[in-house]
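Beneath this line is the structure, given in structure tokens, with notes to follow.
The numbers here are math on the coordinates, done by the rules we state, and not lab data. Computed from a predicted model, the values in this text were never measured in an experiment. Don't worry about glycine lacking a Cβ; one is built from the backbone with ideal geometry, like all the others, and counts go over all protein chains shown.
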Amino acid sequence: MIEFNHLEQKTDFLWEIPTSYRDDMRVPAWVYATREALEEILQDDSLNQLVNVSTLPGIQKAAIAMPDAHQGYGFPIGGVAATEYPDGVISPGGIGYDINCGVRLLRSGSSFDEVKEKLEQLSKELYNLIPTGAGKSGPLHLRQTELEELLEEGAQWTVNAGYGKTEDLEYIESNGKYDDADAGAVSHKAKQRGNDQVGTLGGGNHFMEVDRIDEIYDEEAARAMNLHKGQIVFMIHTGSRGLGHQVATENVNSFLDNLGEYGISLPDRGLACAPLSSSDGQRYYKAMGASANFAWANRQMITHQVRKAWGNVIGGDGSDIDVVYDIAHNMAKIEDHRVNGDSKTMIVHRKGATRAFGPNHPVLPNRYKPIGQPVLIPGSMGTSSYILAGTAEGMEETFGSTCHGAGRRMSRTSAKKQVNADQLRKELKQQGIYLQAASRSGVAEEAPLAYKDVSIVVDTVEKAGIAKKVAMMKPVAVIKG
Amino acid sequence: MKVIEELGHTADKGIHIEADTREELFEAAVTGMARMLKEDSAKGKQLDLIEKIEISAQDLTSLLIKFLSEVLTLSDIQNALFTELEIDLLQDHALKGRIRGYREEHIEEDIKAVTYHQAVVRQTEDGRYQTNIIFDI
């Protein structure tokens, strides 16, 4: 078990477990955290998992944990690991079961004061239009050919089908389409699970929020994002639903069955992997891409539903609601990064971590090139969320990566015992937050007291230089599964 | 005698299961997962939905996890809860049988996956079988 004295402090916010800690480490393990947060991180298995990640074949520079790191499956959540392209491994545990779980931020043309009398009605309309919770079907029931097109086209499919604007796509990571996706790599069972789930939130910690921009920290960056104080914005947090979960589960099992073929021995089954260049690696990679496309298509469909709800309650057709940005926080991407001064192509795994490219990166939309990529960090229901931007320092230090949110500090079982859902709903309403939820137990499990303080996480990444704060927003309506 | 206890896991949910035989352990796993999906699963319900199950794996623990994953998949595809298992064959590497359940519109928990985390089927000193199973929520 890792203890405090195994870590070497490199800066105020960066700690290293050197390769001398364990014989099988190929690179050191780095943790971005304050001293206090590190002591909390050491309470669970996160850093043992991070050391395990450092043993992966082809891993480059360091296995990295963000300040919101907590125990996951194989990889810690809040973990980043880059392996050498094309023969380094790809590991589903480094992406997560919910492939392309991510966050989309939309902005309206209205201020809180202009619409506050209608917010409760808006929250109900959003709840009516956006299916939430386990086992709920969405507005589309796709034929096999339609689903397969969607799996290869992503958000572009949804826009072409009439559910969005072409300009939405520019403001999504990868323009909402993973080019290396292959619908043929996705099993029949995964497709069966996904064919009626486009346009659904799911349950657990997924949500949709109406927020008010409460504070601006960086005027230039906020202007580039067309954000201002008092503005109404929307956050959508969901992923690839049952289709992505099925792809991840099937490939974890398949990789475990075939490990011997690649001469890989693992300290933890959750790190099941294969060289990206192998047939197993390629099949998972292409299925992962297809699942990522499903998630982007899903968030695009929900965007359409938000516009519809807004039009029904506030008026107009919702066309003044625009995409600020859409980020993935469970993903692997092929990217070029500098290691020891040389540019190398790598497979960057981010599990519960967000891509945060710095200024002037060629993949960014033109209006964001001067300021860096927007990064969206949700808090818990009832607490603040943050908009950040990527930095040049982050590109050098963490493969252009940063945190994704706050981890839990309390189990779901404990939260259900301590929190009365009806009471919480009343308290939130007194704070001016309207809550619509599919299940009372879900509300209790996701109560704010069950989560760590996201502002500490955000302050740490800013002080470490791997992202900068742009704005803070507070919820005015929450829709949950 | 089968034991199914809920585990306190910070981020997700889990169960600890114990039974006198391997067969009963697998039965307890199905019932335990159903309770995670919906607290009062199968109460007063007619189990008229039956699905054949055939799983192979490298060892008994992997067999259990793969089996529960398949049950979860079928639950999602059919909007159903499967609460019972009837076994025709159970070896270290193979399981054949049927799961029984019912259509359920109001699943309470959205389980993303059955994980391998903490899953180790082992026998205690008194010969009982046990393991933890953690579900990704």
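Structure above, values below:
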{"read-out": "Gyration tensor (alpha-carbon) shape descriptor, region A:385-437, a/c threshold 1.5", "value": "oblate"}
{"read-out": "Sorted by Cβ density within 10 Å, fewest first, the residues A:PHE234, A:PHE294", "value": "A:PHE234, A:PHE294"}
{"read-out": "Residues with amide H under 5 Å from that of A:ILE321, placed H, sequence gap 5 or more", "value": "none"}
{"read-out": "For region A:342-395: rounded, prolate or oblate by the Cα gyration tensor [a/c cutoff 1.5]", "value": "oblate"}
{"read-out": "Hz values of 3J(HN,Hα) by residue in region B:79-87 - Karplus curve (6.51, -1.76, 1.60), Gly and Pro given as x", "value": "6, 9, 10, 9, 10, 9, 10, 10, 9"}
{"read-out": "Inter-centroid distance (Cα atoms) of region A:167-189 relative to region A:242-267, Å", "value": "22"}
{"read-out": "222 nm mean residue ellipticity, helices alone, for chain A (DSSP H n ≥ 4; -39,500 (n - 2.57); rounded to 500)", "value": "-9000 deg cm²/dmol"}
{"read-out": "Potential extension, A:SER254-A:ASP214 segment - 0.36 nm per residue separation minus Cα distance", "value": "9.7 nm"}
{"read-out": "Net charge over other residues, Cβ less than 14 angstrom from the Cβ of A:PRO57 (K, R count +1; D, E count -1)", "value": "-4"}
{"read-out": "Mean Cβ neighbour count within 10 Å, used as a protection proxy, ranking A:396-406, B:31-41 highest first", "value": "A:396-406, B:31-41"}
{"read-out": "Among A:111-119, A:430-438, the order from most to least packed when residues are scored by Cβ within 10 Å on average", "value": "A:430-438, A:111-119"}
{"read-out": "Counted charge near A:ILE216, where neighbours are those whose Cβ lies closer than 15 Å (Asp, Glu -1; Lys, Arg +1)", "value": "0"}
{"read-out": "Cα centroid separation - region A:33-81 against region B:80-137, whole Å", "value": "29"}
{"read-out": "Counted charge near A:LEU256, where neighbours are those whose Cβ lies closer than 12 Å (Asp, Glu -1; Lys, Arg +1)", "value": "-4"}
{"read-out": "Packing-based exposure ordering (other Cβ within 10 Å, fewest first) of A:VAL443, B:VAL30, B:VAL3", "value": "B:VAL3, B:VAL30, A:VAL443"}
{"read-out": "Shape call, region A:382-472: gyration tensor on alpha carbons, a/c limit 1.5", "value": "prolate"}
{"read-out": "Relative contact order (percent, whole number), region A:198-255, Cα cutoff 8 Å, 6+ residue spacing", "value": "38"}
{"read-out": "For A:ALA477, distant residues with modelled amide H under 5 Å away", "value": "A:VAL210, A:TYR434"}
{"read-out": "For region A:459-474 and region A:216-239, distance of Cα centres in Å", "value": "13"}
{"read-out": "Fewest-first sequence of B:HIS106, A:HIS304 by Cβ atoms within 10 Å of each Cβ", "value": "B:HIS106, A:HIS304"}
{"read-out": "Contact order relative to length of chain A, as percent, for alpha carbon pairs under 8 angstrom and 6 or more apart", "value": "21"}
{"read-out": "Cβ neighbours within 10 Å from other chains - mean over B:89-96", "value": "0"}
{"read-out": "Expected 222 nm ellipticity per residue - DSSP helices of 4 or more, -39500 (n - 2.57), all of chain B, to 500", "value": "-8500 deg cm²/dmol"}
{"read-out": "Above-threshold pairs, the threshold being 22 Å between Cα atoms, out of B:LYS45/B:LYS112; A:LYS480/B:LYS38; A:LYS229/A:LYS333; A:LYS191/B:LYS52; A:LYS189/B:LYS2; A:LYS429/A:LYS480", "value": "B:LYS45/B:LYS112; A:LYS229/A:LYS333; A:LYS189/B:LYS2"}
